[in-house]
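Each remark here refers to the structure printed beneath this line.
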Amino acid sequence: MAVTVKDISSRVGLSVPTVVQVLGDRGRIGQTTRARVWSAAREMGYRPHVAAKAMRTGRYGNVALLMSTVGLRSLLPGSLMDGINEALSAQQLHLTVAKLPDDEMLREGQIPRILQEWFADGLLINYNAQIPSGLAEMVEQSRLPSVWINSRQAQNCVYPDDVDAARQATEHLLSLGHQKIAYVMYGGWGHYSTTDRQAGYEAAMRKAGLTPRTIHVGDSEVPQRKEFTLAWLSAADRPTAVVAYSPQAAWWVHKVAQTDLRLSLPQDLSIVSFDDSLIQHVDAVIDTMVLPEADMGHKAVELLMDRIEVPAVSQAGISLKSVLEQGNSCAPRVCRPRGWPPFMEDGYEA
């Protein structure tokens, strides 16, 4: 049998209106009395009437996380999810995951329906790559409280500053004396970071008076990645250092350089990449620009709470900085004598 406010009132010897004020966090009730009421409520197994509270406040105390059923469009690292949960828990809010096919999501009136049927006060939108055409416009037109995660939109969004992250990665290699630094990207899944990281790399190279070099293999060429990597790593003008767009690109470069070409890493080739934690390979720890995933979850919830309070006012996007964590994949550039194998000689001449 459900415990009522009247039951708690009888237990603590206070009036029903006083207990109601305590449980509703209202009124000028002393801390000692509040503690006594809540202690009794917990002991008796009291559960607040959520529907009644929602009718009174107009809030459900719930946020919906909107995601695609296509995995690459809604990547959700564990640290990002942890950040979201921690921020919601601190405000005593709940989370509902709304994972829907893209065609259903784009149906007219779907976003307002999600808020109503899923009892959500606002939306965290985790569409961050290959975003369906029209979704951003639909969200904007709905005028509902929403925040985009890991997506660089015009407003109401929280995302890593990937231009700055790639600039830091490149400057890290420049500080070690490298000049022949390449930007390597294998594949490309439509996330804003594919262009932003390249832009950051190129800006750092040009600032240093050097010519950028981008090495890219498309998705259709996946089976040829090993052969492609062998080709550019064996060339006379091969780089002495690499900014790898992703852990996968870093893995290919590291594997081919060490296993197939017998290069000594990091003395012969330095590598830095990007991920939500330090990248661990079998026998190497890649110097990593660690993305602010947990902080992004916290900031997204904070921004959404502001939007729920004032839905009509859009907020400027929030970009977050990444931090370089060093492993053992980078070393100062070493000049080799002229007797070195021909395909390496040019890359090491002083």
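The values are calculated or read from the model by the stated rules, or taken from the named source; none is laboratory data. None of these values were measured; they are calculated from a predicted model. Reconstructed Cβ throughout: ideal geometry from the backbone, glycine too, with neighbour counts over all protein chains shown. Accessible surface is based on the protein model in full, side chains and every heavy atom, while ligands, DNA and RNA are left aside. Shrake-Rupley method; radii C 1.70, N 1.55, O 1.52, S 1.80 Å.
Points to keep in mind about this one:
- Residue check for ALA136: modelled with pLDDT under 95, under 30 Å from ALA98 (Cα atoms) and open to solvent by less than 50 Å² (accessible area, probe 1.4 Å): yes
- Filter result for GLU202 (open to solvent by 30 Å² or more (accessible area, probe 1.4 Å), assigned to a helix (DSSP H, G or I) and under 20 Å from ASP162 (Cβ atoms)): yes
- Test: LEU263 is open to solvent by less than 60 Å² (accessible area, probe 1.4 Å), over 22 Å from ALA166 (Cα atoms) and in a helix (DSSP H, G or I): no
- Exactly one residue out of VAL217, VAL256, VAL242 is touching a residue at least 60 places away in the same chain (Cβ under 8 Å) and not polar (S, T, N, Q): that is VAL242.
- For segment 282-316, the set of residues classified as within 17 Å of ALA169 (Cβ to Cβ) and in contact with a Lys or Arg (Cβ under 8 Å, 6 or more places away or on another chain) consists of PRO292 only.
- Tally, over segment 139-161, of residues that are farther than 11 Å from LEU123 by Cα and either at pLDDT below 75 or β-branched (Val, Ile, Thr) (or both): 4
- Scan of segment 149-163 for residues that are over 11 Å from SER193 (Cα atoms) and not in a strand (DSSP E or B), ordered by number: GLN153, ALA154, GLN155, ASN156
- Enumeration of residues in segment 144-199 that are aliphatic (A, V, I, L, M) and open to solvent by 20 Å² or more (accessible area, probe 1.4 Å): LEU144, ALA154, VAL163, LEU174, LEU176, ALA199
- Which listed residue, of VAL50, VAL3, is open to solvent by 60 Å² or more (accessible area, probe 1.4 Å), under 25 Å from PHE119 (Cβ atoms) and at pLDDT below 85: VAL50
- Counted residues, segment 113-128 - those being in a loop (DSSP other than H, G, I, E, B), of a type outside the set (Ser, Thr, Tyr) and modelled with pLDDT of 85 or more: 3
- Of all residues in segment 264-284 being of a type in the set (S, T, N, Q) and over 30 Å from ASP295 (Cβ atoms), the one that is modelled with the highest pLDDT: GLN267
- Members of segment 291-327 that are touching a Phe, Trp or Tyr at 6+ places or on another chain (Cβ under 8 Å) and open to solvent by 30 Å² or more (accessible area, probe 1.4 Å): GLY317, ILE318, SER319
- Residue list for segment 287-314, filter: closer than 12 Å to ASP276 by Cα and in a helix (DSSP H, G or I): GLU293, ALA294, ASP295, MET296
- For segment 70-104, filtered to residues that are of a type in the set (Val, Ile, Thr) and within 18 Å of the chain's Cα centre (by Cα), the residue that is modelled with the lowest pLDDT is VAL70.
- Residue-level analysis places GLY177 among those that are touching a Pro at 6+ places or on another chain (Cβ under 7 Å), over 30 Å from ILE149 (Cα atoms) and in a loop (DSSP other than H, G, I, E, B).
- A search for C-beta distances below 7 Å between a residue of segment 62-73 that is open to solvent by 10 Å² or more (accessible area, probe 1.4 Å) and any residue that is charged (D, E, K, R), counting only pairs 6+ apart in sequence or on different chains, returns ASN62/ASP121; MET67/LYS99; THR69/LYS99; VAL70/ASP102.
- Filter result for GLN141 (in a helix (DSSP H, G or I) and surrounded by fewer than 18 Cβ atoms within 10 Å (Cβ to Cβ)): yes
- When restricted to residues that are open to solvent by less than 10 Å² (accessible area, probe 1.4 Å) and assigned to a loop (DSSP other than H, G, I, E, B), segment 205-244 contains 3.
- One residue stands out among those in segment 6-47 that are under 21 Å from GLN92 (Cα atoms), in a helix (DSSP H, G or I) and open to solvent by less than 40 Å² (accessible area, probe 1.4 Å): the one that is modelled with the lowest pLDDT, which is LEU23.
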